[in-house]
Amino acid sequence: MRRVTAILFATCLVTSAFAQGSDCWLQQMSQNNDLFSLAQLLQSTKVLPNSVQEKSTLFLPTNAAFVTFLVNNNLSLDTLSQQLASDPQFRGRIDSVLMEHVLMLPNVNLADLANSPTPTALSMIHDGDYDVTVSNDLSTVSSPANQANIVDTITLCGMTGFIIDGVLLPATDIASVPVTTHDQIEALFAAAGNSTMA
């Protein structure tokens, strides 16, 4: 039941932000047990920008991390779906949660991120308030809001992904997360040479 809940939640999250990228990285992601369902959802919902593997590094929360996110924010699948469909501010906050997990840097090595704040896509949109830092021992990643364990590092058709056991935003309540518009996301990826949102 928890796996189904996480899968459905991930569907709602990922359909709120991006356009489809290459299928290669999705096929490789689907071979990872923690990300298989997410990969299938990403493929069917066409959510990441074209050529994402050439421009980005991703922190990939596990399905279990999304369940925790739901519980911590007093959300059900019904209320989440309703709010995404009817509330642009809420949808913009969910887009921000997603953007906190994207680094606009290709093929980043964890050691390069150790003990040095690194801007996330969200931080680039909102003027530096959402940088992440990897611990010296490379076991955790911290945002100003949360910390997550780095479970694994994977390569997806040349793109680096770090599997993490938590969602990096928000600290407490989704209402504390800034609103990010699709125009802001489009401008960020366009500046990096990616095309987004079909």
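The values are calculated or read from the model by the stated rules, or taken from the named source; none is laboratory data. Keep in mind that what you see is a predicted model, and the values were worked out from it rather than measured. Every residue, glycine as well, gets a Cβ built from its backbone with ideal geometry; the counts of neighbours run over all protein chains shown. Keep in mind that these areas ignore ligands, DNA and RNA; they rest on the heavy atoms of the full protein, side chains included. Shrake-Rupley method; radii C 1.70, N 1.55, O 1.52, S 1.80 Å.
Restricting to bridges with both residues inside segment 82-198, how much of the DSSP beta-bridge set is antiparallel, in percent to the nearest 5?
On the way: 12 of 13 bridges.
Given both bridge residues lie in segment 82-198, the antiparallel proportion sits at roughly 90 percent.
Using a 1.4 Å probe on the protein heavy atoms only, what accessible surface does Glu186 show? Give it in Å² to the nearest 10.
We get 60 Å² for Glu186.
So, with a 1.4 angstrom probe, what is the percent of accessible area on segment 112-189 that is carbon and sulfur?
Working: 1530 of 3310 Å².
Carbon with sulfur: 46 percent of the solvent-accessible area.
At R0 = 35 Å, how high is the FRET efficiency between Asp137 and Ser176 if r is their beta carbon distance? Nearest 0.05 is fine.
Values: r = 29 Å, r/R0 = 0.84.
Efficiency, rounded to the nearest 0.05: 0.75.
At 0.36 nm per residue, minus the direct Cα-Cα distance, what do Thr153 and Asp183 gain on full extension? Give it in nm, one decimal, please. Intermediate values should be presented prior to the final figure.
Numbers: separation 30, 0.36 × 30 = 10.80 nm, distance 3.07 nm.
Computed gain between Thr153 and Asp183 is 7.7 nm.
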